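Student: Below is one structure. I have some questions about it.
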Amino acid sequence: MPSDCANHAAIASRIGRDEAMGPNMVAYVMRRAEVERTTGLSRSSIYLFIKKGEFPKPIKLGTKAVGWIAAEVEAWKADRVAARDKASA
């Protein structure tokens, strides 16, 4: 699995949620609790993976609030499945 998240936006556009709205529109933003729930990762693991460049960076929503673009999180999960499948092949 690449340790670079640069391709997540490209993958996210292929999964369709943001594609219909245009390249500069975001369909859905997930807050941290939802990211934890959907990925199964703890808060500390999320931020460790971000620091290592292995998880999408959050966007700033306010002075004390951040969120993740749902399509990028979904693309990260798809990458994990693809890495598993490639390793077992």
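FYI, it's all coordinate maths here, none of it is from the lab. Keep in mind the model is a prediction, meaning the values are calculated, not measured. No Cβ is skipped: glycine too gets one built from the backbone with ideal geometry, and neighbour counts run over all protein chains shown.
Student: Quick one: order F55, F49 by neighbouring beta-carbon count within 10 Å, fewest to most.
Tutor: Ascending Cβ contact count within 10 Å gives the list F49, F55.
Student: At 0.36 nm per residue, and after removing the present C-alpha to C-alpha distance, how many nm does the segment from A78 to E34 gain when stretched out fully?
Tutor: Stretched fully, the A78-E34 segment lengthens by 14.1 nm.
Student: Sticking with this one: If you keep only loop residues by DSSP, which trypsin sites (Lys or Arg not before Pro) in the range 39-80 have at most 11 other Cβ atoms within 10 Å of their Cβ? Please report the intermediate quantities before stating the final value.
Tutor: On the way: sites: R43, K51, K52, K60, K64, K77, R80; in loops: K52, K64.
Loop-located and lightly packed - K52, K64.
Student: Let me ask another. Starting from the Cα of K60, draw a straight line to each of the lysines and keep only those under 17 Å, dropping any in the same chain fewer than 8 residues away.
Tutor: Reachable lysines: K51.
Student: Hey, can you grab everything whose amide H is under 5 Å from the amide H of V66? Only 5+ residues off in sequence or another chain; H modelled, so Pro and N-termini drop out.
Tutor: L61
Student: Could you work out the local net charge near R43, counting Lys and Arg as +1, Asp and Glu as -1, over the other residues with Cβ closer than 11 Å to its Cβ?
Tutor: Residues near R43 contribute 0 overall.
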